[in-house]
1. Output wanted: per-residue J couplings in Hz (rounded whole) for the range 144-154, from phi through Karplus 6.51 cos²θ - 1.76 cosθ + 1.60, θ = phi - 60°, x for Gly and Pro.
2. Output needed for the chain: three equivalent-ellipsoid semi-axes, defined as square roots of 5 times the C-alpha gyration tensor eigenvalues, in descending order, whole Å.
3. When only alpha-carbon atoms are used, what values of Rg and Dmax, in angstrom, describe the range 160-201?
4. Give the long-range amide H neighbours of Thr228: residues separated by 5 or more places, or on another chain, with amide H under 5 Å away, using H modelled in the peptide plane at 1.01 Å from N.
5. Given a Förster distance of 25 Å, report the FRET efficiency between Ala91 and Arg7 from their Cβ-Cβ distance, rounded to the nearest 0.05.
6. Taking only protein heavy atoms and a 1.4 Å probe, what accessible area per residue, in Å², does the chain have with all protein chains in place?
7. So, with a 1.4 angstrom probe, what is the percent of accessible area on the chain that is carbon and sulfur?
8. Treating only the Cβ of Lys, Arg, Asp and Glu as charged (+1, +1, -1, -1), what charge dipole size does the chain show about its Cα centre? Round to the nearest 20 debye.
Amino acid sequence: MADNPARILTAAIAADPTRPLLTWYDDATGDRTELSGATLANWVAKTANLLVDDAGLAPGDRAGVLLPPHWQTAAVLLGCWSAGVSVSTDAPEPVDVLFAAADRLGEAADWPAGDRYALALAPLAAPLAQLPPGYADYVLEVRGQGDAFNPPPGVGTPDGQLVTRATAHAAALGLTAGDRVLVDAHRHPDPVDWLLAPLAAGASIVLCAALDPARRDARIATERVTRTLD
């Protein structure tokens, strides 16, 4: 079993890294972004390199992640786990690095942190129009990182219990390899639900924010969805 959550991605893309793995919709903005397994893995590698080379993190350090379900959030989470960094998403606590959505910066102020990265989560991975003091822009910083990541010794299994939960959840939902799973992001904010469980089953994800009920059936047909979490 992949005991590190990041290895779930490795297993999920092994058969065909070119197939669509994560397709993102935001019906409020009209945004649609599709990532193949190889493209998502590239963003994950860049994020892990950002953490290790720029932020100076090591296995066992902690990251705060104040982000909603989103394709960039997938890159941040999987990048943290790749680098051996544990993730906290709940109550404020001291962390070595913090990732925060632009609309959660007030909440982020309660988190003691070292490096801080803000995310606009905008269409086309656009950067923030105005960078808040004390923050770097994740999109701008991550793009210059290396495309491959070599894990440092002792990466271990940060948040390894998530793998057990994800595998059990995938089995309970009856997800199988080749499934294409539509997920309502608002109703399923837990990354075990919207990210890890489908990947653990070898399924691909159609992640929808502000899901418009009038577009649901057409999207299921267009995206060849086989299972729904909505």
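1. Residue by residue, the range 144-154 yields x, 7, x, 7, 10, 10, 9, x, x, x, x Hz.
2. Details: eigenvalues 138, 88, 51 Å².
Rounded to whole Å, the semi-axes are 26, 21, 16.
3. 9.5, 25
4. Leu182
5. On the way: r = 28 Å, r/R0 = 1.11.
Using R0 = 25 Å, I get an efficiency of 0.35.
6. Details: 9730 Å² over 230 residues.
Here the residues of the chain average 42 Å² of exposed surface.
7. Values: 5140 of 9730 Å².
Result for the chain: 53 percent of the exposed heavy-atom area is carbon or sulfur.
8. Details: 16 positive and 28 negative charges, 127 e Å.
It works out to roughly 620 debye.
The values are calculated or read from the model by the stated rules, or taken from the named source; none is laboratory data. Just so you know, these numbers come straight off a predicted model, no measurement behind them. Neighbour counts run over all protein chains shown; Cβ positions are idealised from the backbone, glycine included. What goes into the accessible areas is simple: the full protein's heavy atoms, side chains included, and nothing from ligands, DNA or RNA. Shrake-Rupley method; radii C 1.70, N 1.55, O 1.52, S 1.80 Å.
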